Amino acid sequence: MNNITGTIINYYIHCKRQCYLHYHRINLEDESGLVKIGKALHERHNTEEIEIDNIKLDKIKGEFVTEIKKSDADFNASRFQLLFYLKKLKEKGVIKKGRLTFLEKNKVDKKNHEILLDDSSEKELEDIISEIKILVSNSTPPAIEKNNKCKKCAYYAFCYI
Ligand code: SF4
């Protein structure tokens, strides 16, 4: 699963079309304000990204891998992204817990969440990875998922205009 990244896992949960477009390098996101904000946050929080294979981790300290997100707009997408990092580390013999930190708390009850890769979540993650492989092997992207989330998406112009 070397060509699957944490971002692709995140996008698959968030929007299957976004996942497909990003996987096939139809990238509009360099121009996205939200992506620029994300990069600025990493700089402000002094997080040096750590690269292992094709994944980039925000922070490893002690027993935790921390993933920092600007907002909690899609908790589950962020959760599976972090579970993917925990699984990649586990495959290298490194067992860690996950910590998901949201700088803005709107939908969830607290800013920090402990995320554990247990048998159940690992199986869910494996199923998602299998589904992604099928999705990206299609010759065309899935249909637009009309939703409020589209308004903030970097692909808005691509999908709607
Ligand atoms: S604009 Fe909407 S349908 Fe298109 S990729 Fe973004 S979230 Fe998905």
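Here is how the numbers come out for the structure above:
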{"quantity": "Residue in the stretch 90-97 that is under 17 Å from Ile8 (Cα atoms) and not in a loop (DSSP other than H, G, I, E, B) present", "calculated": "no"}
{"quantity": "Lone unmet requirement of (1) within 15 Å of the ligand (Cβ to nearest atom); (2) modelled with pLDDT of 95 or more for Asp118", "calculated": "(1)"}
{"quantity": "Selection count, the stretch 98-124, where residues are open to solvent by less than 80 Å² (accessible area, probe 1.4 Å) and over 22 Å from Leu57 (Cα atoms)", "calculated": "2"}
{"quantity": "Checking Phe158 against (1) modelled with pLDDT of 95 or more; (2) under 19 Å from Cys19 (Cβ atoms); (3) surrounded by fewer than 18 Cβ atoms within 10 Å (Cβ to Cβ); (4) of a type in the set (A, V, I, L, M, F, W, C), the condition it does not meet", "calculated": "(1)"}
{"quantity": "Subset of the stretch 148-161 that is near the ligand (Cβ under 6 Å from one of its atoms) and within 19 Å of the chain's Cα centre (by Cα) - its residue that is farthest from Tyr12 (Cα to Cα)", "calculated": "Tyr156"}
{"quantity": "Members of the stretch 55-72 that are open to solvent by less than 40 Å² (accessible area, probe 1.4 Å), aliphatic (A, V, I, L, M) and in contact with a strand residue (DSSP E or B) (Cβ under 7 Å, 6 or more places away or on another chain)", "calculated": "Leu57, Val65, Ile68"}
{"quantity": "Of all residues in the stretch 125-147 being among the small types (Gly, Ala, Ser) and either assigned to a helix (DSSP H, G or I) or away from the ligand (no atom under 13 Å from the Cβ) (or both), the one that is most open to solvent (accessible area, probe 1.4 Å)", "calculated": "Ser139"}
{"quantity": "Close pairs (6 angstrom Cβ cut-off, 6 or more residues apart or separate chains): among the aromatic types (Phe, Trp, Tyr) in the stretch 72-100, open to solvent by 40 Å² or more (accessible area, probe 1.4 Å) anywhere", "calculated": "Phe80/Ile13"}
{"quantity": "Residue check for Glu51: away from the ligand (no atom under 16 Å from the Cβ), more than 14 Å from the chain's Cα centre (by Cα) and modelled with pLDDT of 75 or more", "calculated": "yes"}
{"quantity": "Matching option when the condition is free of Cβ contacts under 8 Å to residues at least 40 places away in the same chain, in contact with a helix residue (DSSP H, G or I) (Cβ under 6 Å, 6 or more places away or on another chain), more than 25 Å from Gly93 (Cα to Cα) and not polar (S, T, N, Q), among Val108, Val136", "calculated": "Val108"}
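The values are calculated or read from the model by the stated rules, or taken from the named source; none is laboratory data. What you see is a predicted model; the values in this text were computed from it and never measured. Every residue, glycine as well, gets a Cβ built from its backbone with ideal geometry; the counts of neighbours run over all protein chains shown. SASA here: full protein model, heavy atoms, side chains in, ligands and nucleic acids out. Shrake-Rupley method; radii C 1.70, N 1.55, O 1.52, S 1.80 Å.
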